[in-house]
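Here's the structure we're looking at; comments come further down.
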């Protein structure tokens, strides 16, 4: 099976896990706060860091398995994990300015983009 297809299948697994986690969290904790999103972003950040370190420091995870697990499963589960991994790498390397720029830029940029998307949607469909 091609690597691309395996990554796509991994993405489907991650997406299903995200959906099921969101359903479980809403049932367990209520829907007043996005606990499902918080859980998947936190767990995804942990798992991506674990997978990347193990695959870089050992031969326990092949490059194909790493791509399936990170780009596929974790990519479907959460994209925050990638942002977190990149930012923590800057911090680990002592690149505080880059880490800060990445964190501030991502949070403010994504909030601004979300607000802009909402504004455009309201212009197009009203409400």
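FYI, it's all coordinate maths here, none of it is from the lab. This is a predicted model, so every value here is computed, not measured. Positions of Cβ are backbone-derived with ideal geometry, glycine not excepted, and every protein chain shown enters the neighbour counts.
Show me 57-63, 97-103, 45-51 ranked by packing, highest mean number of other Cβ atoms within 10 Å first.
45-51, 97-103, 57-63
Output the 0 to 90 degree angle, nearest 10, between the alpha-carbon long axis of helix 96-125 and the longest principal axis computed from the alpha carbons of the chain.
Long axis of 96-125 versus the principal axis of the chain: about 40 degrees.
Would you compute, from DSSP H runs of 4+ residues alone, the mean residue ellipticity of the chain at 222 nm, taking -39500 (n - 2.57) per run and dividing by the full residue count, rounded to the nearest 500?
For the chain, the value works out to -26500 deg cm²/dmol.
Give the angle, between 0 and 90 degrees and rounded to the nearest 10, that separates the Cα long axis of helix 3-29 from the longest principal axis of the Cα atoms of the chain.
The answer is roughly 50 degrees.
At 10 °C and 1.306 mPa s, what whole-number value in µm²/s does Stokes-Einstein give for the translational diffusion of the chain, with Rh from the Kirkwood sum over Cα pairs?
Answer from the Stokes-Einstein relation: 97 µm²/s.
Using only Cα atoms, find the angle between the long axis of helix 35-57 and the longest principal axis of the chain, and express it within 0 to 90 degrees, rounded to the nearest 10.
Once rounded, one gets 20 degrees.
Would you mind calculating the gained length between residue 86 and residue 63 on full extension (0.36 nm times residue separation, minus the Cα-Cα distance), in nm to one decimal?
6.4 nm
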